[in-house]
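Enquirer: Take this structure, written in C-alpha cells, and hold onto it; I'll ask about it next.
The values are calculated or read from the model by the stated rules, or taken from the named source; none is laboratory data. This one's a predicted model, so the numbers in the text were calculated from it and none came from an experiment. Cβ placement follows ideal geometry from the backbone for every residue including glycine, while neighbour counts extend to all protein chains displayed.
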Amino acid sequence: MDIAASMEDLIGNTPMVRLVQVTDGIDTPIVAKLETTNPGGSVKDRPALAMINAAEREGLLKPGGTIIEPTSGNTGVGLAIVAAQRGYKCIFVMTDKVSEEKVTLLRAYGAEVVVCPVAVAPDDPQSYYSTAERLVTETPGAFRPNQYHNPVNPQAHYDSTGPEIWEQTDGKITHFVAGAGTGGTISGIGKYLKEQNPDIKIIAADPEGSVYSGGSGRPYLVEGVGEDFWPATYSPELVDEVIAVSDADSFEMARRVTMEEGLLIGGSCGTAVAAALEVGRSAKPDDLIVVLIPDSGRGYLSKIFNDDWMSSFGFLTAEGVIVGDVINAKEGEMPALVYIQPETAVKDAIDIMQGHSVSQLPVAKGEMPLAAAEVQGSVSELFLMERAFGGDDVLSKTVEEVMAPALPTIGVGEPIELAVKRLDQAPALMVLDGGRPRTVISRTDVLSYLQAQDGLGGRR
C-alpha cells in the first residue's frame, strides 16, 4: 500500500504546471514549481525538517526542548509540523504586518506566537530578530534554528528542490526565478542547477525596498520575501539578476494567477511570477523558465483577496467619484506629502506648518517614499495650542514627546462619500496610494472639490 509513515515523509516531490493564461503573448514556456503541496503548504517545510534533523544529530535540540524562531509564518508552520511529530514546544516571533491567518494557524499547531513591530531596525530591542534572541536566552532547553544563518537551510534545497527541478525539466531549464527571503531557497537551488549547467540564469524576484534590489529594507507590504539585512544563507554570486517588483504589481499578479489560472497564490508568489513574465518577454522561444511558487494564497485571504483591505491601501479603484479626483483637481496646489520626523523640535514643526499653510502634519520615521508602517503619529496647530494653553512647556519638547495618534487613512481609489464620512470624525486624512502615503486631504480640500463640481453643473 502507498501510505506515508508520517507527515514528514510527504515533504518534497512537488509537482510542476505550465502557466498559460497570464503568459499570453510570451512564446517562452513558464513553468511553476508548486511548493504549495507540501504538508505545511509552503517551500519552508524542506529546510524546517532538515534543520531539526541536523540539530538533533548535533545535540542542540533535546527531548522536551523548545524551538524558537523569528518567521513570517511559513517556516514556523514547517517547524511546528515536525515539532508536533517529535514532541517539541514552539515559540515563534512575527512582525505585525503578517496576516492574522498566519498567527492563528501557528497557534492551531499549539505554538506560542509573539508579535513585534515591523517598522524598526533589525538591531532594535523590539525587532523580531532581537526579541527571538532574548527569548532564546530566557528559555531553558531552547533551540533557535536561525534560518537566516543556518547553512542547513540552503543545503536542504541543494539536496532536494534543485534535483527535483532538474529531473522534472529533463535538464532543459534555462532560467530559474524565485523570491529571496532568507536566501536559502534561491541559493541552494541555484548552486545545484549551476553545477549541472553553468549557463542557467538564476533570477531573484524582490520587493521594492528590499536590500537585495538595492533598497534599505524599509517596510513593504509583501510578506515572506525580501530583507532589511544580508543573511548568511544568501549567496549573491549565484544570482545573475535581481528584479524589483512593487507591492501593487505583486498583489495584482497574485490575484490574476488565482483567477485566470485557478492557482491560489500569495503575494510573494505574485512577486516571483511578475519577475518571471519580465524574463519571459526577452527570452527565446526554446528557453524554459521555472518559477518557484513558495506558498498558497490561503494565508492572505484577509488581505490580498479582501477588496476592502486592498482598497484601503490604495490598490483598487471604486466606480464613481473617488479620493484621487480630489487630489487631481488640485494638482499643483496640493503639496506632496509634508511630514516631520519624530525627533523634530515642536517649534520647528510649527514653522513647517506655517510655511506650507497646513494645520496638521503626519509624523514618520524615514525618507520618501514612505511606507504606511513608518507613520507613527501626527501633530496639529489645534493640538499644540491646547497643550500649550494647558501649561505644558510644549515648545521645548520634540514632536515624539507630544504627538497625537496618526491621522486616519483612506485609499486613493476609495469613494469620496467615504472620505466625507471619515472627515466628520477627523480634520484630515492621509491618502494611501499603492500602499504608501501620498498626501493629506482636509475637509477644506473635499469641500472645495464638491463646490467646484456644483459650479460645473452638478456633481458627477
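Enquirer: Within the stretch 82-124, how many residues turn out to be of a type outside the set (A, V, I, L, M) and part of a strand (DSSP E or B)?
Expert: Of the residues in the stretch 82-124, 6 are of a type outside the set (A, V, I, L, M) and part of a strand (DSSP E or B).
Enquirer: For the stretch 245-255, name all the residues that are more than 18 Å from P294 (Cβ to Cβ) and not in a helix (DSSP H, G or I).
Expert: S246, the sole residue that qualifies.
Enquirer: In the stretch 3-15, which residue that is assigned to a helix (DSSP H, G or I) and either free of Cβ contacts under 8 Å to residues at least 60 places away in the same chain or among the charged types (D, E, K, R) (or both) is surrounded by the most Cβ atoms within 10 Å (Cβ to Cβ)? So that I can check it myself, show each step before the final result.
Expert: Of the residues in the stretch 3-15, the ones assigned to a helix (DSSP H, G or I) are 7-10.
Next, only the ones that are either free of Cβ contacts under 8 Å to residues at least 60 places away in the same chain or among the charged types (D, E, K, R) (or both) stay: 8-10.
Numbers: E8: 18, D9: 11, L10: 15.
Residue satisfying both the conditions and the ranking: E8.
Enquirer: Now for a different question. Return the residue satisfying two criteria in turn: it lies in the stretch 99-123 and is in contact with a helix residue (DSSP H, G or I) (Cβ under 6 Å, 6 or more places away or on another chain) and not aliphatic (A, V, I, L, M), and of such residues it is farthest from A84 (Cα to Cα).
Expert: Residue satisfying both the conditions and the ranking: P122.
Enquirer: What are the pairs, 6+ residues apart or on separate chains, where a residue within the stretch 220-241 that is of a type in the set (F, W, Y) and at pLDDT 95 or above has its Cβ under 9 Å from a residue that is in a helix (DSSP H, G or I) and crowded, with 24+ Cβ neighbours inside 10 Å?
Expert: Final answer for the pair search is W230/Y212; Y234/P154; Y234/G184; Y234/I186; Y234/S187; Y234/Y212.
Enquirer: If we keep just the residues of the stretch 153-188 that are surrounded by fewer than 22 Cβ atoms within 10 Å (Cβ to Cβ) and among the small types (G, A, S), which is nearest to I52 (Cα to Cα)?
Expert: Among them, the one singled out is S160.
Enquirer: Taking the criterion of being in contact with a Pro (Cβ under 6 Å, 6 or more places away or on another chain) and not β-branched (V, I, T), would at least one residue in the stretch 390-402 satisfy it?
Expert: Looking through the stretch 390-402, at least one residue is in contact with a Pro (Cβ under 6 Å, 6 or more places away or on another chain) and not β-branched (V, I, T).
Enquirer: Sort out which residues of the stretch 428-456 are assigned to a loop (DSSP other than H, G, I, E, B) and exposed (fewer than 15 other Cβ atoms within 10 Å of the Cβ), and write them in order of number.
Expert: Selection gives L456 alone.
Enquirer: Moving to a separate point now. Restricting attention to the stretch 1-58, and to residues there that are basic (K, R) and touching a Ser or Thr at 6+ places or on another chain (Cβ under 7 Å), which single residue is farthest from N146 (Cα to Cα)?
Expert: Residue satisfying both the conditions and the ranking: K33.
Enquirer: Take the conditions in a helix (DSSP H, G or I), hydroxyl-bearing (S, T, Y) and out of contact with any Cys (no Cβ under 9 Å at 6 or more places or on another chain) and apply them to S311. Does it pass?
Expert: yes
Enquirer: Would you call S268 assigned to a helix (DSSP H, G or I), under 16 Å from the mean Cα position of the chain (by Cα) and not assigned by TED's automatic domain parsing to the domain that holds D123?
Expert: Yes; evaluated as a whole, the condition is true for this residue.
Enquirer: So, one more: Could you list all residues from the stretch 43-81 that are assigned to a loop (DSSP other than H, G, I, E, B) and surrounded by fewer than 19 Cβ atoms within 10 Å (Cβ to Cβ)?
Expert: E58, G59, L60, K62, P63, G64
Rundown of residues vs (1) in the same structural domain as G377 (by TED's automatic domain parsing); (2) modelled with pLDDT under 95; (3) under 19 Å from D247 (Cβ atoms), yes/no style:
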position	(1), (2), (3)
G324	yes, no, yes
M334	yes, yes, no
A345	yes, yes, no
M353	yes, yes, no
S359	yes, yes, no
V363	yes, no, no
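Enquirer: Go through the stretch 339-374 and report how many residues are out of contact with any Gly (no Cβ under 9 Å at 6 or more places or on another chain) and closer than 20 Å to G411 by Cβ.
Expert: Total satisfying the criteria: 5.
Enquirer: Applying the selection to the stretch 54-76, what residues are within 16 Å of A156 (Cα to Cα) and touching a residue at least 60 places away in the same chain (Cβ under 8 Å)?
Expert: Hits for the stretch 54-76 are A54, A55, N74, T75.
Enquirer: Still on this structure, I have one more. Return the total of residues in the stretch 16-35 being without any contact (Cβ under 8 Å) to a residue 40 or more places away in the chain and in contact with a strand residue (DSSP E or B) (Cβ under 6 Å, 6 or more places away or on another chain).
Expert: Residues in the stretch 16-35 being without any contact (Cβ under 8 Å) to a residue 40 or more places away in the chain and in contact with a strand residue (DSSP E or B) (Cβ under 6 Å, 6 or more places away or on another chain): 1 in total.
Enquirer: Can you work out which of the residues in the stretch 82-93 that are closer than 20 Å to P140 by Cβ and of a type in the set (V, I, T) is surrounded by the fewest Cβ atoms within 10 Å (Cβ to Cβ)?
Expert: I91
Enquirer: Considering only the stretch 29-61, state which residues are of a type in the set (G, A, S) and within 27 Å of M16 (Cα to Cα).
Expert: Those that are of a type in the set (G, A, S) and within 27 Å of M16 (Cα to Cα): A32, G40, G41, S42, A48, A50.
Enquirer: Now for a separate question. For residues that are touching a residue at least 40 places away in the same chain (Cβ under 8 Å), under 29 Å from F251 (Cβ atoms) and assigned to a helix (DSSP H, G or I), tally how many sit in the stretch 157-212.
Expert: Summing the residues that are touching a residue at least 40 places away in the same chain (Cβ under 8 Å), under 29 Å from F251 (Cβ atoms) and assigned to a helix (DSSP H, G or I) in the stretch 157-212 gives 11.
Enquirer: Please find, within the stretch 285-322, the residue that is nearest to V257 (Cα to Cα) out of those that are of a type in the set (F, W, Y) and modelled with pLDDT of 95 or more. Break it down into steps so the answer makes sense when it comes.
Expert: Here is the first cut: in the stretch 285-322, the residues of a type in the set (F, W, Y) are 300, 305, 309, 313, 315.
Right, trim to modelled with pLDDT of 95 or more and you get 305, 309, 313, 315.
On the way: F305: 12, W309: 19, F313: 21, F315: 17 Å.
Top of the filtered list is F305.
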